Amino acid sequence: MGAGHAHTLYRHGHSPVHALPPHCKLAAVFCFVLVVVSTPREAVWAFALYAVLLAAVTRVARIPAGLLLRRLLIEIPFVAFAFLMPFVVPGDQIHFLGLSLSVPGLWGAWNVLAKGTLGVAASVILASTTELRSLLLGLQRLRLPPMLVQIASFMIRYGDVITDEMRRMSVARRSRGFEARGVRHWGVLAKSAGALFIRSYERGERVHLAMISRGYAGSMPVIDDVTASRAQWTYAAALPVSALAVCLLGWTL
């Protein structure tokens, strides 16, 4: 099962992080994010230590810092939302550079920025060190419902096919002199979306019939089942266990 092709986020490498089984990395990232979310927002020093832990993992994985920072740009919408919170959240006010800012809003903005950035960074490290097909195998190994894994697999596999179909339809419209320049052209775009849906549905029917004719019985065969040793689980647990120690210290102080 799987996508059969590498995704653009994956960065080929031979680091210890790359070598870990995918389900170990998935479990480690999930536990790390859970610990980060559970940390009280007032423990500012704890989030700084979480960032140091992720920086250490990034170094071990040999991921360039510039690459990580560029991929963190995906959270810009959340950053924009966080910057609005001090102006819209009611509560006690403080004045800074002539601006009236809400104290609860500032804490809320910090909470969103700190926890969101750490979660996105952990996800970027996971995607940069694990092939997409391996991620799906890892989800299956962690006993995620098989139907969800198959849906994700087909979505990834045929996403590029649907995108290419959209590109061909766009080229065909432009070759006939069509340019969407206003509301009056929305009807044409709506018809194109409908045609794309019908083509995708028909393709899905053909693929399903082809799968059934080849013995598909509701689950995809796993050719290379990946197992993990106790040492690999221990190595992967270093990140969430260290973060948990910081979180517990943050609650006690």
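The values are calculated or read from the model by the stated rules, or taken from the named source; none is laboratory data. The structure presented is a predicted model; accordingly, all values stated were derived computationally and were not measured. Reconstructed Cβ throughout: ideal geometry from the backbone, glycine too, with neighbour counts over all protein chains shown. Keep in mind that these areas ignore ligands, DNA and RNA; they rest on the heavy atoms of the full protein, side chains included. Shrake-Rupley method; radii C 1.70, N 1.55, O 1.52, S 1.80 Å.
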Quick one: net charge around K115, please, counting Lys, Arg +1 and Asp, Glu -1 for every other residue with C-beta under 15 Å from its C-beta. -1
Packing-wise, with mean Cβ within 10 Å as the measure, how do 132-138, 246-252 rank, highest first? 132-138, 246-252
Sorted by chain and number, the residues with a modelled amide H under 5 Å from that of Q93, at a separation of 5 or more or across chains, are V103
Whole-Hz ³J(HN,Hα) for each residue in region 83-93, computed from phi via Karplus 6.51 cos²θ - 1.76 cosθ + 1.60 with θ = phi - 60°, x for glycine and proline: what do you get? 5, 7, 4, x, 9, 10, 7, x, x, 4, 10
Any idea of the accessible area per residue across the chain, 1.4 Å probe, to the nearest Å²? 62
Region 152-253 - convex hull of alpha carbons, volume per residue in Å³: 247
Stokes-Einstein D for region 45-187, Kirkwood Rh over Cα pairs, 10 °C, 1.306 mPa s (µm²/s): 81
Choose one of F96, V79, A190: the residue whose Cα lies farthest towards the positive end of the charge dipole of the chain (beta-carbon charges +1 Lys, Arg; -1 Asp, Glu; about the Cα centre). A190
Net dipole in debye of region 87-231 [+1 Lys, Arg Cβ; -1 Asp, Glu Cβ; about Cα centre; nearest 20]: 600
Give the span of the chain's Cα atoms along each principal axis, as three whole-Å numbers ordered largest to smallest. 62, 56, 31
For region 14-129, what is the convex hull volume of the alpha-carbon atoms per residue, in Å³? 110
Ignoring ligands, DNA and RNA, please state the percent of accessible area on the chain from carbon and sulfur, probe 1.4 Å. 69
